[in-house]
Amino acid sequence: MAPQAERWKILFQVFDPRQRLSEVQQDLYVSRPGAVADKVRQQIPFEPTGKWIIAGSLGSGKSSELVHLGRALWDDYTIVALDLPFSVARVDRLTPTEILFLIGAAGLHRAKAEMISVPNKVKDALSSAFAGVLDPTKAGHVNASELLQGVALFVSNLAAPGNAAASGAALGAARLATGILGGATRSVREGELAVADLLGAVEEILRLIAPDGRPPLVLVDGLDKIQDRGAIRSLFGESRLLSQLAAPSVYSGPITLMLSALWKTVGDVFRCERLTNVVVRHPPASWVELDPQRVEEGRLALRHVVERRLARFSLGVEDVFASDALEEILSSSGGVLRDLVHIVNRCCPLAHDQAAGGSSTRIDRPLARQAIEELRKELEITLTGKRVAELRYVKENGEPSGDGEASDDLLLNGYVLPYANGRVWFEPHPLLSGVRPGL
Amino acid sequence: MASEASVFARIRRTVELSAGGLGLILVTGEDDLGYESLEEIWRHLPVGRPVLRVRLEPDFDLVDAIAKSARPDPIVLVLGLERAAPSDRQKLEDAVNLQRDRFSALCAAIVLWVPKSEILQFQRHCADLFHWRSLFVEINAEDLPLTAGPVSRRRFLAAQVGRWAQEMDLRLIASTPIRQLSRWSAHTHRGYAFAPAGAGKTAAFRLLRHEMALESLSDLFQVVVPYFLPASRLREVAGSQPFRLPGTGFPVDRWAESGNLCILIDDLRGSQEEQDALALLCRRFPKMRLLANGREKALALPDGWERMRLEPVAKGTASSEVSVEDAEKVLLEIVDRERALLASSLPMPATEQILEALGEVAVASLRKGSIPADRLGQFGFLDGTPEFLRRTALLVSYEESQGSGASKHSEQRVRFAATPPFLLCAAKALAARGPRDAARVLSASLLHPRYWAVASALVDLWRRRSSWAAEELVRALIEDERSPLVERTARLLGLGRSSRLNLGNDVLVLARHRLESLPGGTRDAERVRLVAELATYSRELDSRHDGHS
């Protein structure tokens, strides 16, 4: 294979939309204008029992923000960073008591990593307290000690950077042990003794693992996978359990939280932070006032994302992209980091062919457009009449109708993107521009 | 979505680039194209990398299966979603989603078939996987070459059936030498039929195409696909690489190589160009059937060709068969004369054409608002025969005409609407010959692609005999925004959204109830007979179902 073609093969892997930024890749993290992680980091010292939810689109970088937050506060706090998607099969079915138990289990893992001895009676207390809230019909299938093994952490391998791949495989296997979780507990009442026991057991673990004056900070990633509005309301609004932990806690949450009704309900208990997307083009909604400088800042931040990834291979942006090509890609990404990575990823096979054919060695504008068109067609396959109607509504009104499954689906799947500039507005993803009349 | 070359080339390119890592390629298309699509993808894959074919099933661990295969960096073709019931599909998707993080440790290119009807659910249940895709392509039927597979064959054949109606005057039917041609073609591999101008050669060849297509549809094991080709395009076709036929949009090499294809060449003139093209075709595809017509007896032909003089239908004979000019009357007279043959479904040349033409006459009458009583009597003989399904087309067409403002309250409407023709005919075919044959009966008869979808869905319902199949059908029929016709059909069949269908045969029960609830005095004898027939068949299905379970 020609060296040029080989380069595209490497870049195909480098710009892999599957990969989220782990803590060992923090050199790739680019702080965006008004970054949520920095904002929460500043607030935590003043709210030692505060609870935050970071809500945003799929692929908008919530996990990366949490990782960045954990890294930034590593020296000052004992970070218990629970990775739910790696820990359980059905995040969407988790109950507050299960999440609480998993936080306790994550605390035990953290203690092990820090070589802090936790008395068996504390572990037993967690197991027995959890047994007390299990659904009686499922209790026979639950082995609490196995569950304790199946919990996955993130921001855990700073001490051993480079182990990310190995730990990823191991964690995936470990999750099988917690397969039963996701609706395994019974409904509980606030103030119920069993719940108080569980809360107490978790608090005790968190207290034990932070003996040196570094208070615990709980980070929970993955609750953004929950799609059902009822479940979201129940988890974050109706149940106060997640807000009762003494330790400051930060959760990632689904984008549908941004819908005003839920926002208000959940906002009574949590500080809700919107991780809106980077503004990369002037908004179509006429009522949005935006300093053109803001657009430039946004584009610059995304350009840095690309620059940093290329720099790892001693490549400059100009080695890989014609300047107008990258601009086209930035605009089409809608400011969604994963989509930016995805578009570049899609350019690679095309560029590979081009290089193999002996023509241009860079991603030029026609090639970028071809990749963008590929992705546009992929989204088009999934459009239905209802989805198109909702997209038109969003384009016209600058916000989702909030009416029904199509509205939620579009938000959750990143077809409708939120932005903020003092106030929040929504736009259809630029990739969908022109796929139907009125879009 | 994209041209054939670009779809498969893109898949191949993505597979190549993902070597040494993970590539996830999602492929979608009409639900029944899964197997053929993945086989075609397989044909385009780079050589040298091992290929695994796996089928998703409950409790199936894809990652584990790949690991156990011990093949380095394999390409994994995954089917299974298309065969699962909706409730099982969610389980399968959940299972795949559960494994998603373990995928990260894999070195494999996974090509996963997601039926088009499942895309939105897949997006919901496997949101991360959807976002992790390296490629997502839609494959359409026209992207696929014709294979010997039953699905593509049926699609193609169904498109051939009935085309004569758009291409020729109905009055020609009785005066074409189709009977002679039909007998001769049955045992001829390479042949040339000659006759003077005006003898009806072209019309006969068009009808032959129709008959051959119907015959193929009627026989699960017969794989002759007829194609009507004007000789003027012979050269273009013979030299095409890959082998293509005008208007098909896909290569047909494998059909030609395997002998499944029969090209009906119209109007050979004997030019050197034609001779060369014929010789090339014979050399290139020794097994392919070639039948041609022309005027010249002494036309130069490649070795091994049979010649046959096509005798024009004598004027006297034609006039005795066709005594009036009016096509409608011609047809009805034929029906009257041949009723016994038609009713007993004995082979008779042009039976299908006659019945279809009759159907058209009836539909035309219905569109005007009514069918004369004497004509109704003429349709009556169809009851209880396999040809009864002709009324299906009438019914659907009639219902379609309702949308255009035709009369809604005629006796005929009651009569036609009271009959569950799809169901009854499919049931009969099923009882006599099995579900595939039921599908064939329906698909051969309904002709229109939209009806084909209805038919195949219905047969699926029967085949699976479970509530999800019925629900699936209802969903497909009712929620398909593009086709109000099928929605009305579904309503006619009693497949309301709220229907609680426990078994496929509940549809029969619904049909029976509908018949029972008809106003008294409306063709009581027939109603009683049909009710009894449906009840019997329901019981049979029940007992068979019990036996199976």
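The values are calculated or read from the model by the stated rules, or taken from the named source; none is laboratory data. None of the values given here were measured: they were computed from a predicted structure. No Cβ is skipped: glycine too gets one built from the backbone with ideal geometry, and neighbour counts run over all protein chains shown. Accessible surface is based on the protein model in full, side chains and every heavy atom, while ligands, DNA and RNA are left aside. Shrake-Rupley method; radii C 1.70, N 1.55, O 1.52, S 1.80 Å.
Net length available on complete extension from A:SER117 to A:VAL435 is 108.5 nm, with 0.36 nm assigned per residue and the Cα-Cα distance removed.
Cross-link pairs exceeding 24 Å in C-alpha to C-alpha distance, out of A:LYS39/A:LYS264; A:LYS112/A:LYS138; A:LYS386/B:LYS116; A:LYS51/B:LYS91; B:LYS201/B:LYS297, comprise A:LYS112/A:LYS138; A:LYS51/B:LYS91. Amide H contacts of B:GLY23: B:ALA108, B:ALA109, B:ILE110, each under 5 Å away and 5 or more positions distant or on a separate chain (H built 1.01 Å from N in the peptide plane; Pro and chain starts excluded). Only beta bridges with both residues in chain A are counted; by DSSP, about 30 percent of them are antiparallel. For B:MET288, the accessible surface of its heavy atoms amounts to roughly 0 Å² (probe 1.4 Å, protein chains only, rounded to the nearest 10). To the nearest 0.05, what FRET efficiency results for A:ASP212 and B:ASN140 with a Förster distance of 56 Å applied to their C-beta separation? Efficiency, from the Cβ-Cβ distance: 0.30. Treating r as the C-beta distance of A:TRP263 and A:SER286 and R0 as 35 Å, the FRET efficiency rounds to 0.90. All alpha carbon pair distances within chain A were sorted into 10 Å bins beginning at 0; the resulting P(r) in whole percents reads 4, 21, 29, 25, 15, 6, 1, 0. Under a 5 Å amide H to amide H cut-off, with H placed in plane at 1.01 Å, what residues pair with A:TYR251 once short-range neighbours are removed? It is A:TRP52, A:ILE53, A:ILE54, A:VAL220, by chain and number.
A simple spin-label model places the labels of B:HIS44 and A:SER128 6.4 nm from each other, with each point 7 Å out along Cα-to-Cβ.
The simple spin-label model puts a point 7 Å past each Cα toward its Cβ; for A:ARG392 and B:ALA186 those points are separated by 5.8 nm.
Would you look at the GNM of chain A, springs on alpha carbons closer than 10 Å, and say which of A:GLY50, A:GLY230, A:GLY213 moves the most? Residue with maximal mean-square fluctuation among A:GLY50, A:GLY230, A:GLY213: A:GLY213.
Only protein heavy atoms count here, probed at 1.4 Å, and on that basis chains B and A bury about 3500 Å² of accessible area in total.
Rounded to the nearest whole angstrom, the semi-axes of the ellipsoid equivalent to segment B:4-143, taken from the Cα gyration tensor as √(5λ), stand at 20, 19, 13, largest first.
Working note: Karplus 6.51/-1.76/1.60 with θ = phi - 60° gives segment B:42-53 the couplings 4, 5, 9, 6, x, 6, x, 8, x, 10, 10, 10 Hz, where Gly and Pro are set to x. Residues whose amide H lies under 5 Å from that of B:ILE265, counting only those 5 or more places away or on a different chain, are B:LEU229, B:LEU291, B:ALA292, B:ASN293; hydrogens are built 1.01 Å from N in the peptide plane. Expressed to the nearest 5 percent, the antiparallel share of DSSP beta bridges inside segment B:4-143 is 0 percent. For segment A:405-422, the Karplus equation 6.51 cos²θ - 1.76 cosθ + 1.60, evaluated at θ = phi - 60°, returns couplings of 5, 4, 4, 5, 4, 5, 5, 5, 9, x, 7, 10, 10, x, 9, 9, 8, x Hz by residue, with Gly and Pro reported as x.
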